[in-house]
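Chemist: I have a structure here, written as structure tokens, and I will follow up with some questions on it.
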Amino acid sequence: MDAPVVSNAVEKQILDSNFISRDLSWIQFNYRVLDQAKNTTRSVFDRLKFLSITASNLDEFCTIRVGSLYNYLDYGKERYDYSGLREIPFKDKLLSEIQHFERDQHATYLQQLKPLFSANNFCICDISKLSPEGREKVNEYFTKVIYPMLTPMVFDGYHAFPILKNNRLLLGVVTKAPQEPHNQQKISFIQIPSNLPRFLEIKDAAGFINFVPIEDIIKYNIQQLFRNIEINSVNLFRINRNGDFTLEESEDIESNFLEELKRKLQTRRSGRVVRIDVLDNTDPWLLRLLKIQWDIEDSNIIRVPNESLIDLTGLMQIIGHSDFKNKRAALRPPIKPITFPEQGTRDLFEVLKERDILLHHPFNSMEPVLELLEKAAEDPYVLSIKITIYRVAKDSRITAALLKAAEFGKHVSVLFEVKARFDEENNLREAQKLQRAGCFVIYGVNSLKTHSKLLLIVRKEPDDKVYRYVHLSSGNYNETTSRFYTDIGLLSTNEVYGNDVSEFFNVITGHSQPLTYRNLITSPRDMRNQLCALIKQEAENARNGITAGIIIKFNSMQDDVMIEQLYLASQAGVKIKLIIRGMCCLRPGRKGLSENIEVVSIVGEYLEHSRIYYFHNADDPKVYIGSADAMVRSFDRRVESLFMLEGDLVKKQAMNILRYNLRDNVNSYLMNEDGTYSKRQLNGEEPFNIHQEFFNITKEKVMDVKLF
């Protein structure tokens, strides 16, 4: 089925707008991830990893963002995209872009990756091509493992349409009983078990691995489920349902509409279907039935080539297979922080009394943070520990240390954000474990989502002097993701940070309202206003002939108020460079609007997650790091924090991260005025890959940094 036709008038309106659609920009981001799967310098396993990530990303996008759009469509509410488009024309444009993306995704799999499987000692195997012994294993696996788990659900005049689960492989079996007239077809649905591996692995004597898809095993044995019944067709498909029922994600939704929506949804057993993936040869009769049942259009149905796979996330089983461990890119060991070359040889409590330590993950290990917390748990001089947690690893050393601290009689306060999307269950389990151990646990702040990353340890020394050890960061307290995400964090005993963080915890755990912080900017209190004031100051400097410049690195930019201020600063002559991994609603390089703004996206081996805000400030730079992106939700609906760096060395380290990001010519994409992106070309330059260069960083390389 073809993508919906989008009129020239709609395309023109999108291009004429001074703002770029959040959702269309996000699809551009997923193309940059897909570009990693096309990179022939990577192994086939690393390329499959990126392909799988694009599929997982798209699932979440359809569940949340397309779901959010259907909240308006289904309940007759007006919605205007940043481009000014109303709900229906924007829906057509968005679904058209999703259709195009999935075509590119599956073409990459079939044309560039699948041909490499055999040379890498595996294949995704058709059952008919297995040896007799292999087919016997398939049949035995079906009979003993799969068959007892399957429950066909018929839909006819006597049975209601079943509730089919989100993001689950499904089979629609069209049948006809012999005694019924020819036109009396029935449909039965089979939900493929999600707690079984996607592939049955059959290794031959030479070590070659045949990965047999579970859906093919069921189809191969389907007659056992429909004895004495004529099967007309067996059809594989998968659905995405609307999962967006939160004010946090539907940023333009009115709060009273959200409450109305929640009440209406209580009468529905599941979210509406917004996307279906089907194979090319799917039975037209089944498709007509699904369209009527779920009130969807052709544009919601995405055809996947028969030779490809529905649900490319299942490839992770192959990517993670132990036989291919040495064929995937190895993680490099971290280097010691510039500000902590004695790591592993000196007591961290004592070092932090002398100086601040800036950590840049994954190039620096998270070990100093873990060490500080684990030492604090047992240290007899530590009185209390306070921490905000958004996501933690499974079998987390963070929560283990907090449990131990409680056992040793420390006062432990934990703000555990149980609304962290897709980590709700793990977070709730860990939070309850801490609460049972005697920790003071707070489950979020009112209707806000706490995204700030802060740690405070209070230690009374033998001489009765009290030190406050703080950690302020852009990244989660998750030792697993710290090896794959680039983040920045600061360890310090600086009293200014100590006072600010103490006040912050009093605000979020009680009813304190501090008049001001020294180095901390927080939301939802006044982050937007303070950042806009810093932008306005750069504009004023430029108008007065003073060198002015802004460089900001973050994940996403959507807040229209801040975008407008950046436009005004550009028109005043301020040079602005934005390093934005994901979606960006600002339109760069438009004459008379944003000629002085350049937007770069870094997408490569590590997921860019650090946030750094640099303001030239008449050659006395102000540099902030922290948890916040330039999003409406970050400024209005989340507890976020940014903090200003003090000290020449740590400030220059952060500035050098920005400099290196702007120098990168391997992972870098330049944003065009129309919202598309172009891969940066070498043009005779030596390759400069920040995901390698940061492993070679030295103090000498950092100290000569100058950004404007």
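Nothing in this text is a laboratory measurement; each read-out follows from the coordinates by a stated rule. Fair warning: this is a prediction, and the values are worked out from it, not measured in the lab. Reconstructed Cβ throughout: ideal geometry from the backbone, glycine too, with neighbour counts over all protein chains shown.
Chemist: Would you work out which of I521, F615, F688 lies farthest towards the positive end of the dipole of region 520-703, given +1 charges on the beta-carbon of Lys and Arg and -1 on that of Asp and Glu, about the Cα centre?
Modeler: The residue sitting farthest along the positive end of the dipole is I521.
Chemist: A further question follows. With Cβ to Cβ distances under 10 Å as the rule, what net charge do the other residues near N210 carry (K, R +1; D, E -1)?
Modeler: Here the charged neighbours net out to 0.
Chemist: Which whole-number percentage describes the relative contact order of the chain, with Cα contacts under 8 Å and a sequence gap of 6 or more?
Modeler: Values: 1282 pairs, mean separation 82.1, N = 708.
Normalised by residue count, the contact order of the chain is 12 percent.
Chemist: Separate question: May I ask you to list the trypsin sites (Lys or Arg not before Pro) in region 554-631 that are in a DSSP loop and have at most 15 other Cβ atoms within 10 Å of their Cβ?
Modeler: Hits after loop and neighbour filter: R590, K591.
Chemist: Viscosity 0.890 mPa s, temperature 25 °C: give me the Stokes-Einstein translational D for region 520-703 in µm²/s, with Rh taken as the Kirkwood radius over C-alpha pairs.
Modeler: On the way: Rh = 16.8 Å.
D, rounded to a whole number, is 146 µm²/s.
Chemist: Computed from the mean reciprocal separation of all distinct C-alpha pairs, what Kirkwood hydrodynamic radius does the chain have, in Å?
Modeler: Values: mean 1/r = 0.0359 Å⁻¹.
Roughly 27.9 Å, rounded to one decimal.
Chemist: If you don't mind, another one. Most exposed first by the Cβ proxy, i.e. fewest other Cβ within 10 Å, how do Y469, Y82 rank?
Modeler: On the way: Y469 25, Y82 22.
So the residues, fewest neighbours to most, are Y82, Y469.
Chemist: Counting other beta carbons within 10 Å of each Cβ, put K93, K129 in order, fewest first. It would help to have the intermediate numbers written out before the result.
Modeler: On the way: K93 24, K129 11.
So the ranking, lowest neighbour count to highest, is K129, K93.
Chemist: Calculate one ³J(HN,Hα) per residue across region 81-86 by plugging θ = phi - 60° into the Karplus curve 6.51 cos²θ - 1.76 cosθ + 1.60, and present them in order as whole Hz with x for glycine and proline.
Modeler: Residue by residue, region 81-86 yields 6, 3, 6, x, 6, 6 Hz.
Chemist: Quick one: if you stick a label point 7 Å off each Cα along the C-beta vector at R543 and Y80, how many nm between them?
Modeler: 2.8 nm
Chemist: Determine the distance separating the Cα centre of region 469-486 from the Cα centre of region 639-672; give it in Å without decimals.
Modeler: A separation of 16 Å, based on Cα centres.
Chemist: Still on this structure, please answer the following. Could you list, bin by bin from short to long, the percent of Cα-Cα pairs of region 142-218 in 5 Å steps?
Modeler: With 5 Å bins starting at 0, P(r) equals 3, 12, 19, 19, 15, 12, 8, 5, 3, 2, 1.
Chemist: For region 501-605, taking Cα atoms only, what is the radius of gyration to one decimal and the Dmax to the nearest whole Å?
Modeler: Just the Cα atoms of region 501-605 yield Rg and Dmax of 16.1, 49 Å.
Chemist: Using 1/(1 + (r/R0)^6) with R0 = 25 angstrom and r between the beta carbons of E686 and E342, what's the FRET efficiency to the nearest 0.05?
Modeler: For E686 and E342, the calculated efficiency is 0.15.
Chemist: While we're here: What residues qualify as long-range amide H neighbours of I442, i.e. H under 5 Å apart, gap of 5 or more or another chain, H built at 1.01 Å from N?
Modeler: When sequence neighbours closer than 5 places are left aside, the close amide H contacts are V414, L415, F416.
Chemist: Let me ask something additional. Can you put R303, R355 in order, fewest other beta carbons within 10 Å first? Walk me through the intermediate numbers first.
Modeler: Details: R303 20, R355 16.
Sorted ascending by nearby Cβ count, the order is R355, R303.
Chemist: With a Förster radius of 60 Å, plug the Cβ-Cβ distance of E693 and S131 into 1/(1 + (r/R0)^6) and report the FRET value to the nearest 0.05.
Modeler: On the way: r = 49 Å, r/R0 = 0.82.
It comes to 0.75.
Chemist: With each pseudo-label sitting 7 Å past Cα toward Cβ, what's the D463-R429 distance in nm, one decimal?
Modeler: 4.7 nm
Chemist: Provide the percentage of antiparallel DSSP beta bridges, counting only those with both residues in the chain; round to the nearest 5. Numbers along the way, then the final one.
Modeler: Values: 74 of 106 bridges.
Expressed as a percentage, antiparallel bridges in the chain total about 70.
Chemist: Over 22 Å apart: what share of the alpha carbon pairs of region 278-366 falls there, rounded to a whole percent?
Modeler: 63 percent
Chemist: Could I ask something else about it? In µm²/s, what is D for region 1-50 at 25 °C and 0.890 mPa s, where D = kT/(6 pi eta Rh) by Stokes-Einstein and Rh is the Kirkwood radius from Cα pairs? All intermediate terms of the calculation are to be shown ahead of the outcome.
Modeler: Values: Rh = 13.4 Å.
After rounding, the answer is 183 µm²/s.
Chemist: More than 18 Å apart: what percent of Cα pairs in region 662-708 qualify? Provide the component values of the computation, followed by the final result.
Modeler: On the way: 490 of 1081 pairs.
Tail of the P(r) past 18 Å holds 45 percent of the pairs.
Chemist: In nm, to one decimal, how far is the A400 label point from the E297 one, both placed 7 Å along Cα→Cβ?
Modeler: 5.4 nm
Chemist: Take the Cα pairs of region 348-509, get the Kirkwood Rh, then feed it into Stokes-Einstein at 37 °C and 0.692 mPa s and tell me D in µm²/s.
Modeler: The estimated diffusion coefficient comes to 209 µm²/s.
Chemist: So for region 8-115, what percent of the C-alpha to C-alpha distances run longer than 22 Å?
Modeler: Values: 2290 of 5778 pairs.
In whole percent, the long-distance tail amounts to 40.
Chemist: Report the calculated FRET efficiency for L279 and Q513 (r = Cβ-Cβ distance, R0 = 60 Å), to the nearest 0.05. Walk me through the numbers on the way to the answer.
Modeler: Values: r = 59 Å, r/R0 = 0.98.
Efficiency, rounded to the nearest 0.05: 0.55.
Chemist: What is the distance in Å between the Cα centres of region 1-41 and region 69-105?
Modeler: One Cα centre to the other: 12 Å.
Chemist: Still on this structure: Mind checking which lysines have their C-alpha under 26 Å from K12, skipping anything on the same chain fewer than 8 residues away?
Modeler: Partners found: K77, K91, K93, K591, K679.
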